[in-house]
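**Q** Below are the C-alpha cells for one structure; questions will follow.
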C-alpha cells in the first residue's frame, strides 16, 4: 500500500512580477530585466530572474529556491537599486 502526498498549496496572492527596461537608441540598447516570485510544481517558492533584449525571449534565466516568500522583497529592492544605477526604469 503506497501513501500519496497531498498536492502542494499554491498561494497565488503572493506571486508577483517586476520588470525594468533600458532603452538607449543611439547605443542600440534595448534591454529588459524581469524578476518573478512564484511557486514551482512542488509548492516551493522560486525567485526567477530573466533578462535579455526587448521583444525577444530572455537570453539568460536564473532561479533561486527560497525558504519563505518574504525573503524575496529585500532581494527585489537590492536589484531595483542596481538596475536604476545602470540606467533602467521600472515598468
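**Q** Might you check whether a residue that is in contact with a helix residue (DSSP H, G or I) (Cβ under 6 Å, 6 or more places away or on another chain) and surrounded by 13 or more Cβ atoms within 10 Å (Cβ to Cβ) occurs anywhere in region 38-47? Can you show your working first?
**A** Taking region 38-47 and keeping what is in contact with a helix residue (DSSP H, G or I) (Cβ under 6 Å, 6 or more places away or on another chain), we get 45, 47.
Narrowing further to those that are surrounded by 13 or more Cβ atoms within 10 Å (Cβ to Cβ): 45, 47.
Within region 38-47, one or more residues are in contact with a helix residue (DSSP H, G or I) (Cβ under 6 Å, 6 or more places away or on another chain) and surrounded by 13 or more Cβ atoms within 10 Å (Cβ to Cβ).
**Q** Report the residue count in region 1-32 for those that are surrounded by 10 or more Cβ atoms within 10 Å (Cβ to Cβ) and more than 15 Å from residue 63 (Cβ to Cβ).
**A** Looking only at region 1-32, we keep the residues that are surrounded by 10 or more Cβ atoms within 10 Å (Cβ to Cβ), and these are 8, 10-11, 14-24, 29-32.
Filter again for more than 15 Å from residue 63 (Cβ to Cβ), leaving 8, 10-11, 14, 16, 18-24, 29-32.
Matching residues across region 1-32 total 16.
**Q** Looking only at region 63-89, filter to residues that are more than 13 Å from the chain's Cα centre (by Cα) and not in a helix (DSSP H, G or I); which one of those is surrounded by the most Cβ atoms within 10 Å (Cβ to Cβ)?
**A** Only one residue tops the list, namely 88.
**Q** Which members of region 17-49 meet the condition of being touching a residue at least 40 places away in the same chain (Cβ under 8 Å) and under 19 Å from residue 67 (Cβ atoms)?
**A** Taking region 17-49 and keeping what is touching a residue at least 40 places away in the same chain (Cβ under 8 Å), we get 18-22, 24, 31, 33, 35.
Across region 17-49, the qualifying residue is only 35.
**Q** I need the full set of residues from region 1-52 which are on the phi > 0 side of the Ramachandran plot and part of a strand (DSSP E or B), in order please.
**A** Selection gives 52 alone.
**Q** Among the residues of region 53-62, what is the count of those that are part of a strand (DSSP E or B) and either over 21 Å from residue 38 (Cα atoms) or more than 15 Å from the chain's Cα centre (by Cα) (or both)?
**A** Here the count works out to 1.
Each value in this text was obtained by applying a stated rule to the coordinates, not by laboratory testing. The shown structure was predicted, so the numbers you read here are calculated from the model rather than taken from an experiment. Positions of Cβ are generated from backbone atoms using ideal geometry, with glycine treated the same way; all protein chains shown enter the neighbour counts.
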